[in-house]
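Notes follow the structure.
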Amino acid sequence: MKHFWTLQVSAVVLLAAGLGGTAMPRLSAAKGAETKVLGLSKVIAFLYSPAKDFDPKQLRSVTFIGPKSSEEWKYWRARGVVMGVGHTWFDLLRSPVEKAVENLVGQDYGGNPQPLVMIDEFGFDYGGGLDEKSAQILRQTKRRKPELALAVFEMRGPIPPVLAEAYRDVADLVMTESYMGGKQSYWWLATQVWSARRYGILPKTIAVLGVGKGGNPGETWAQTKEELEQQVRFLRLVAPESPGVGFYGGTPELLASADALGARFSDIPTDGSGLPADLLALARTFSNRYEKPTLVVSPALVQPNYNEDGSGHLAEPQTMRPYLINLGDQDAHDVQIRMRNPPAKGGDVFAEGIVPLIPKRSATIGVIPVTGHWHVWVGQWEMEVEAPGCDVRVLGAAP
C-alpha cells in the first residue's frame with residue numbers, strides 16, 4: 001500500500017517516539033571530544049554583539065570573539081581569548097576560486113602570528129554548486145596558508161556532506177546558525193547536531209544561539225533569560241560532546257544572561273534536567289533506534305541549486321535539493337518527492353522526482369527536477385513524500 005504525507009509549514013507536527021515515561025538515553029562523548037579547539041578547552045563565543053549598546057570587554061566567560069578589527073588581537077590574547085577577523089561570503093562566492101583564496105590569505109590580520117578568519121557564511125544549497133565551490137575555497141585556502149585558522153558560520157539547517165567533509169578536513173571551528181525562538185523551532189538545532197555528529201565534526205562544532213531580535217521582520221529569537229537557558233540546556237542534552245556555545249546579537253541585559261550561562265556551561269547537566277517533556281521527546285526522536293526506515297523531512301529543508309558564480313541565479317537545468325535524513329536501521333528506496341505551491345497560490349506541482357536510496361542512519365540530498373513555476377519561497381511551499389515501507393517524521397517551519 002502506498003502512503004502520502006503532505007508537509008505544510010502552517011502546522012508544526014513532530015511525531016516524536018517515546019513521549020511517555022521511558023528514560024532519556026545518554027549520549028556518550030565522541031572519541032576526541034576532549035581535544036582542544038583553537039587551543040581552548042571550552043569555546044564560549046560572542047559574535048556580532050552590538051558594540052553601541054554593549055561593551056564586550058565586560059564579558060567574563062568569553063573565550064572566542066569576533067569579528068573584530070585586526071589590531072585588537074593583542075588585547076584579547078592577553079585575556080586568553082581567541083579573536084577572529086571577519087570575511088563575508090560576497091566576494092568569495094562571486095569570484096573564481098583562485099581569487100577567493102587570494103582574498104582570504106591576503107587579508108589584513110594585524111600581524112597576528114596565529115591569524116583566524118571568520119567566514120560569514122557558507123551553506124547555501126545543500127551540496128549544490130555554491131556549496132561545492134565553498135568546499136573548494138576552504139581546502140585551497142588551508143593548502144595555501146596552513147597557519148590561518150578557519151572558523152565558518154554554517155547556515156540553513158543540517159550540514160550537507162560536501163561541506164561537512166571539508167569542515168572535517170580543514171576547518172578549525174564550525175558555528176551552526178541555530179537562531180531559534182520558542183520550542184516549535186528546536187528541531188532546527190537537533191538536525192544540525194545530528195548532521196555534525198554523523199560526519200564526525202561535532203567535537204569542533206558549536207551552536208550559535210540568536211539573542212534578542214534579528215534585523216529582518218519576524219526574526220525573533222530568545223527574548224528572555226529563561227528561554228535562553230532552556231536553549232542551552234537543550235543543546236547540552238543533544239550535543240554533550242560539543243566544545244561550547246555561541247551567542248549572536250542581543251541586548252545588554254540578555255548578553256549579561258548569556259555571559260552567566262557561558263560561565264557555568266560545563267556545569268549544565270547533559271541529561272535533560274529542567275527541560276519539559278516535549279523537548280525530551282524531540283531529543284529522543286534523533287537518538288532512538290528504529291527498525292524500519294524512518295525519514296525526517298521538512299519543506300524548510302529544501303533549497304534550489306544555485307549557479308556557482310554567486311550571482312543568485314539558479315543553475316540550469318533547475319532542480320530542488322531536499323535534505324532527507326533516515327534515522328532507521330534499514331535503507332529507504334525509491335522515495336518520491338513532489339513540491340507544490342500552496343492552495344492560495346494555485347496548488348500545482350512545480351518539482352517532482354524520485355530519490356533512489358537514502359541509506360540507513362544517514363542522509364541524502366535529493367535532486368528533484370523543476371517542472372513548473374513556484375510562487376512562494378523556501379519553506380512556504382508544500383512537500384509530498386511517497387515512501388513505501390517507511391515511517392515519516394514531519395518537521396515544520398524554519399525558525
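The values are calculated or read from the model by the stated rules, or taken from the named source; none is laboratory data. Everything numeric here is computed off the predicted structure, so don't read it as measured data. Reconstructed Cβ throughout: ideal geometry from the backbone, glycine too, with neighbour counts over all protein chains shown. Side chains included, ligands, DNA and RNA excluded: accessible areas come from the protein's heavy atoms. Shrake-Rupley method; radii C 1.70, N 1.55, O 1.52, S 1.80 Å.
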Residue count for the range 131-148, restricted to those that are touching a Leu at 6+ places or on another chain (Cβ under 7 Å), open to solvent by 10 Å² or more (accessible area, probe 1.4 Å) and within 25 Å of GLY366 (Cα to Cα): 1
Selection count where residues are among the hydrophobic types (A, V, I, L, M, F, W, C) and more than 18 Å from the chain's Cα centre (by Cα), scope the range 285-325: 4
Test: residue in the range 312-320 that is in contact (Cβ under 8 Å) with a residue 12 or more places away in the chain and closer than 16 Å to SER195 by Cα: no
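If I ask for residues that are surrounded by fewer than 22 Cβ atoms within 10 Å (Cβ to Cβ) and assigned to a strand (DSSP E or B), which ones from the range 329-349 would you list?
HIS333, ASP334, GLN336, ARG338, VAL349
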Every residue from the range 71-92 that is under 29 Å from THR364 (Cα atoms) and open to solvent by 20 Å² or more (accessible area, probe 1.4 Å): THR88, TRP89, PHE90
Selection from the range 80-92 of residues that are over 19 Å from ALA166 (Cα atoms) and in a loop (DSSP other than H, G, I, E, B): GLY80, VAL81, GLY84
Criterion (assigned to a strand (DSSP E or B), within 28 Å of GLN136 (Cβ to Cβ) and among the aliphatic types (A, V, I, L, M)) met by exactly one of LEU357, LEU295: LEU357
Search result, residues across the range 285-302 that are open to solvent by less than 10 Å² (accessible area, probe 1.4 Å) and touching a Phe, Trp or Tyr at 6+ places or on another chain (Cβ under 6 Å): PRO299, LEU301
Of all residues in the range 58-70 being touching a helix residue (DSSP H, G or I) at 6+ places or on another chain (Cβ under 9 Å) and surrounded by fewer than 21 Cβ atoms within 10 Å (Cβ to Cβ), the one that is nearest to LYS204 (Cα to Cα): SER61
Answer residue from the range 220-236, given it is open to solvent by 10 Å² or more (accessible area, probe 1.4 Å) and outside any helix (DSSP H, G or I) and is farthest from ASP271 (Cα to Cα) among those: THR220
The listed residue being over 30 Å from TYR179 (Cβ atoms), surrounded by 15 or more Cβ atoms within 10 Å (Cβ to Cβ) and of a type outside the set (Val, Ile, Thr), out of GLU382, GLU386: GLU386
Conditions (1) open to solvent by less than 30 Å² (accessible area, probe 1.4 Å); (2) out of contact with any strand residue (DSSP E or B) (no Cβ under 7 Å at 6 or more places or on another chain): number failed by GLY246: (2)
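For the range 174-185, indicate whether the set of residues that are under 24 Å from LYS99 (Cα atoms), at pLDDT 95 or above and either among the hydrophobic types (A, V, I, L, M, F, W, C) or crowded, with 24+ Cβ neighbours inside 10 Å (or both) is non-empty.
yes
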Of residues in the range 93-129 being of a type in the set (Gly, Ala, Ser) and in a helix (DSSP H, G or I), the one surrounded by the most Cβ atoms within 10 Å (Cβ to Cβ): ALA100
The one condition in (1) touching a strand residue (DSSP E or B) at 6+ places or on another chain (Cβ under 7 Å); (2) surrounded by 19 or more Cβ atoms within 10 Å (Cβ to Cβ) that GLU308 fails to fulfil: (1)
Count - residues of the range 360-379 that are part of a loop (DSSP other than H, G, I, E, B) and either at pLDDT below 95 or open to solvent by 10 Å² or more (accessible area, probe 1.4 Å) (or both): 12
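Just name the residue that is nearest to GLY215 (Cα to Cα) out of those in the range 12-54 that are open to solvent by 70 Å² or more (accessible area, probe 1.4 Å) and at pLDDT 50 or above.
Among those residues, the one meeting the criterion is TYR48.
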One residue from ILE201, ILE206 being without any contact (Cβ under 8 Å) to a residue 60 or more places away in the chain and open to solvent by less than 10 Å² (accessible area, probe 1.4 Å): ILE201
The lone exception for LEU148 - which of (1) within 22 Å of GLY210 (Cα to Cα); (2) more than 16 Å from the chain's Cα centre (by Cα) it fails: (1)
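Looking only at the range 315-326, how many residues end up being open to solvent by 10 Å² or more (accessible area, probe 1.4 Å) and touching a helix residue (DSSP H, G or I) at 6+ places or on another chain (Cβ under 9 Å)?
The initial filter retains those residues of the range 315-326 that are open to solvent by 10 Å² or more (accessible area, probe 1.4 Å), namely 315-319, 321.
Adding the requirement that they be touching a helix residue (DSSP H, G or I) at 6+ places or on another chain (Cβ under 9 Å) leaves 315.
Going through the range 315-326 one residue at a time, the tally reaches 1.
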